[in-house]
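> Submitted below is the structure of interest, expressed as structure tokens.
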Amino acid sequence: MTRPITRRELLARGALGAAALAAPGCATPWLWEERPLPPGEAPRVACIGVGMQGWIDSQRIAAAGARVTALCDVDATPPKWVFLLRDVRRAFPDARFHRDYREMLAAHADDFDAVVISTPDHTHAHAALLAMQAGKHVFCQKPLTWSIDEARALARAARASGVVTQMGNQGHARDHLRRAVELVRGGAIGRVQEVHCFTNRPIWPQGLRERPPARPVPDDLDWDLWLGPAPERPYADGYHPFDWRGFWDFGTGALGDMGCHILDMPLFALDAGAPLAVEAECEDATDESPPTASTVRYRFAAGAQNDELDVVWTDGGRLPPEDVHRRLGISQRRLRAHDCVVFGSEGALLFDHLETLELRAGARTDALHDVPTTLPRVVNNAVEWIDAIRGGPPPLSRFELSGPFTETVLAGNLAIRAGRRVAWEETLGGAGRAADLAPWLARAPRAGWALPELAADRAPARAARA
């Protein structure tokens with residue numbers, strides 16, 4: 001196996017490499033530092049989906065010490081403008097290449113101990129459940145699943161199977177995020193009263209009213225496998241390999257893409273549990289496509305760190321209200337360089353999920369040094385997962401925790417699609433489940449793509465925090 005590529009080498013390959021590094025979790029040199037492990041300690045890993053984000057994930061997992069022994073992708077060669085799939089096969093020349101992960105898990109499971117899933121959102125749950133059913137450790141990109149019911153199934157399956165799991169919200173493992181959580185819990189800004197999270201995404205087309213015109217399927221692409229559990233539709237330019245995020249059948253829009261990064265710190269810090277209710281206002285949402293811009297308001301009950309409060313999400317370039325940057329004592333332009341503001345009774349925390357953390361508006365600046373360290377520090381989330389497989393502490397974004405968090409994030413899409421306020425009880429099973437939400441909480445998969453079940457999948461879903 002050749003070594004993982006360095007950040008410097010990737011940048012030398014041009015604009016596409018630079019764009020890949022600009023993705024959340026991929027901008028820091030230490031992500032590429034190699035950590036060779038003795039052969040007997042290096043988990044054997046199969047990577048499912050190895051173009052685009054999957055190429056990055058395969059390199060990071062290998063740098064963390066894993067041996068990549070199997071690769072799987074529905075595209076035998078890369079799209080004409082993307083070199084990444086070809087490169088991943090060159091990087092791991094001894095790895096067996098597969099097209100169908102179902103066949104790989106059924107016939108070649110002895111080749112690997114763990115699985116990395118970097119496919120579009122709509123196939124995450126199916127691939128992850130099959131892997132856990134086979135007893136494989138699983139790393140799955142965010143959002144963990146396409147739907148809330150799928151997130152619940154993965155959390156229950158992870159508990160039942162006992163394998164080591166990790167969602168790919170890379171910032172969850174970063175020092176500055178864990179320090180921000182400690183500061184909030186340590187009272188640096190008092191009791192939390194208000195939270196604003198925001199992003200410029202989407203950077204792909206959304207608000208689409210029609211599907212793109214059908215085109216012949218490229219020779220090297222298995223379109224049926226790419227569709228997986230999603231409803232049948234003809235191939236068209238504009239789905240593969242990236243813009244699928246802008247179609248409800250495959251992606252979860254700007255909220256699903258970035259919410260698992262940006263909402264992570266404040267909800268982790270508050271140990272927020274499920275929201276009481278969610279409501280949304282948006283522009284240009286259609287039955288086919290997520291909105292071009294939205295404001296989502298999550299209402300949470302009072303807890304140990306907070307009064308009853310709203311966590312407000314905005315995307316599509318929307319920012320928090322004008323008074324927010326004034327209360328922080330900064331310009332609107334400077335506010336745009338961050339993506340989260342947490343206001344407390346004694347100050348505020350200004351945060352960016354990639355790297356920055358700042359106490360403002362009367363917060364106890366001495367808290368930066370005085371609040372004790374209570375959370376473990378790790379190199380990155382790939383190392384955290386690999387070390388857990390080797391017998392170390394369980395990852396802090398394991399499915400038992402990241403599954404419920406994903407439920408909360410995706411509840412915002414329920415409010416967007418329903419066009420009304422959604423109470424959490426309406427998402428649960430039984431008589432309280434809302435009929436109009438049913439198609440988005442779960443969907444009937446295509447033939448051959450039913451979700452695998454583990455025994456614990458019948459366990460009850462969580463309730464909102466009282």
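> Suppose all protein chains stay in the model; what accessible area per residue would a 1.4 Å probe give for segment 191-339, in Å²?
It amounts to 39 Å² per residue over segment 191-339.
> Quote to one decimal, in nm, the extra length available between E41 and D271 on full extension: 0.36 nm per residue of separation minus the C-alpha distance between them.
79.4 nm
> Taking a label point 7 Å from the Cα of H369 along the Cα→Cβ vector, which residues of segment 329-362 have an amide N closer than 18 Å to it?
Inside the label zone: 358-360.
> Another question, if that's okay. Pulled fully out, how much extra length does the chain show between A107 and D237, if you take 0.36 nm times their separation in residues and subtract their Cα-Cα distance?
Here the answer is 43.5 nm.
> Which values of log₁₀ I(q)/I(0), to two decimal places, follow from the Debye formula for segment 318-466 at q = 0.09, 0.17, 0.21 Å⁻¹ with a uniform point scatterer at every Cα?
Debye intensities relative to I(0), on a log10 scale: -0.51, -1.20, -1.27.
> Ranked from highest to lowest mean number of other Cβ atoms within 10 Å per residue, what is the order of the peptides 272-285, 59-72?
59-72, 272-285
> Based on Cα coordinates alone, diagonalise the gyration tensor for segment 272-381, multiply each eigenvalue by 5, take square roots, and list the semi-axes in whole Å, largest first.
Equivalent-ellipsoid dimensions as semi-axes: 27, 18, 16 Å.
> Also, quick follow-up: Across segment 141-189, how large is the tail of the calculated P(r) beyond 12 Å, expressed as a percent of all Cα pairs?
71 percent
> Evaluate the distance, in nm, between pseudo-label points positioned 7 Å from the Cα of A435 and of T356 along their respective Cα→Cβ axes.
Taking the two extended label points, one gets 5.0 nm.
> Could you tell me how many cubic angstrom of Cα convex hull volume the chain has per residue?
Value for the chain: 140 Å³ per residue.
> Find how much the distance from R421 to S345 grows on full extension, using 0.36 nm per residue of separation minus their present alpha carbon separation; answer in nm with one decimal.
Value of the extension gain: 24.6 nm.
> I would also like to ask the following. Express the carbon and sulfur contribution to the solvent-accessible surface of the chain as a percent, rounded to the nearest whole number, probe 1.4 angstrom.
For the chain, the apolar C and S fraction of the accessible surface comes to 52 percent.
> List the residues whose amide H sits under 5 Å from the amide H of F97, counting only those 5 or more places along or on another chain, with H placed 1.01 Å from N in the peptide plane.
Residues meeting the criterion, in which the H sits 1.01 Å from N, are L71.
> Still on this structure: Using 7 Å Cα-to-Cβ label points, what is the A447/R159 separation (nm, one decimal)?
3.6 nm
> Just need the Rg to Rh number for segment 106-257, please, alpha carbons only, Kirkwood Rh.
The Rg/Rh ratio comes out at 1.04.
> Which value at 222 nm does the chain reach when only helices count, each DSSP H run of 4 or more adding -39,500 (n - 2.57), with the total divided by all residues and rounded to the nearest 500 deg cm²/dmol?
That comes out to -8500 deg cm²/dmol.
> Tell me, what are the semi-axes, in whole angstrom and largest first, of the equivalent ellipsoid of segment 53-148 as set by the roots of 5 times the Cα gyration tensor eigenvalues?
20, 16, 13
The values are calculated or read from the model by the stated rules, or taken from the named source; none is laboratory data. As the structure is a prediction and not an experimental result, all values here were calculated from the model. Glycine gets a Cβ as well: all are built from the backbone with ideal geometry, and neighbour counts include every protein chain shown. Quick note on the areas: whole protein, heavy atoms, side chains included, nothing else; ligands and nucleic acids left out. Shrake-Rupley method; radii C 1.70, N 1.55, O 1.52, S 1.80 Å.
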